[in-house]
Amino acid sequence: MDWHRTRHNASASGSRDSSYFESGHTTEALLEWLKPAKMKDQKVLIIRGLGGRPELGDKLEERGAKVHYLSLYERKKPHYTAQTFFMLPDIHLIWVTSGEGLHHLSEYATKHKPEWKTLPILTPSSRVNQQAKEMGWIHASCADGADDNSLIKATEFHIGK
């Protein structure tokens with residue numbers, strides 16, 4: 001594929017540079033970024049985990065796109081015992097990169113490490129941050145993305161760097 005020509009054609013058609021999202025790397029940020037794009041009759045393939053969130057596809061279909069899904073992995077909750085949590089070192093900060101991960105973590109924390117819910121936890125989006133607060137995480141903060149740079153910046157902000 002000729003990436004330079006593709007990028008030129010995308011620019012000529014009014015597409016925007018995807019290398020920068022002002023509001024983070026989330027479904028909501030992608031939908032905001034796509035607002036000016038003409039989606040009517042566009043054929044879109046969304047690669048996701050089995051049973052992944054339908055919001056992106058639903059919103060694109062509302063705008064006239066023909067959306068198809070290809071599930072390439074399946075998320076499963078790992079099985080841990082109380083001993084696993086007992087053997088972990090003391091921690092000062094938690095990163096969670098998805099709503100599903102937060103849900104699983106909350107179940108285990110409630111059962112084995114309830115004190116974790118008083119620790120700072122960084123979430124990837126305002127949606128997941130709200131879920132964290134509803135699940136009892138006292139010091140939830142939004143990192144505005146699940147990517148490395150967003151989490152590193154949020155961590156540096158948290159530790160005062």
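The values are calculated or read from the model by the stated rules, or taken from the named source; none is laboratory data. Source: prediction; values computed, not measured. Note that each Cβ is placed from the backbone with ideal geometry, even for glycine, and that neighbours are counted across all protein chains shown.
Remarks
- Flag if K43 is without any contact (Cβ under 8 Å) to a residue 60 or more places away in the chain, of a type in the set (K, R) and touching a His at 6+ places or on another chain (Cβ under 9 Å): yes
- Considering residues of the stretch 136-154 that are closer than 24 Å to T84 by Cβ and in contact with a Leu (Cβ under 7 Å, 6 or more places away or on another chain) only, the residue surrounded by the most Cβ atoms within 10 Å (Cβ to Cβ): L151
- Pair list, Cβ under 6 Å, 6 or more apart: the stretch 62-79 residue over 21 Å from H104 (Cα atoms), other residue surrounded by 10 or more Cβ atoms within 10 Å (Cβ to Cβ) and of a type in the set (D, E): V67/E61
- Filtered residues of the stretch 128-161 (kept if charged (D, E, K, R) and either at pLDDT below 95 or not assigned by TED's automatic domain parsing to the domain that holds L88 (or both)): D144, D147, D148, K153, E156, K161
- Hey, A10 surrounded by 12 or more Cβ atoms within 10 Å (Cβ to Cβ), under 27 Å from E134 (Cβ atoms) and at pLDDT below 80 or not: no
- Within the stretch 69-127, considering residues that are in a loop (DSSP other than H, G, I, E, B) and closer than 19 Å to L56 by Cβ, the one modelled with the lowest pLDDT: R75
- Per-region count, the stretch 51-68, residues in contact with a strand residue (DSSP E or B) (Cβ under 8 Å, 6 or more places away or on another chain), part of a loop (DSSP other than H, G, I, E, B) and at pLDDT 85 or above: 1
- Filtered residue count, the stretch 33-82, keeping only those that are within 17 Å of E100 (Cα to Cα) and hydroxyl-bearing (S, T, Y): 3
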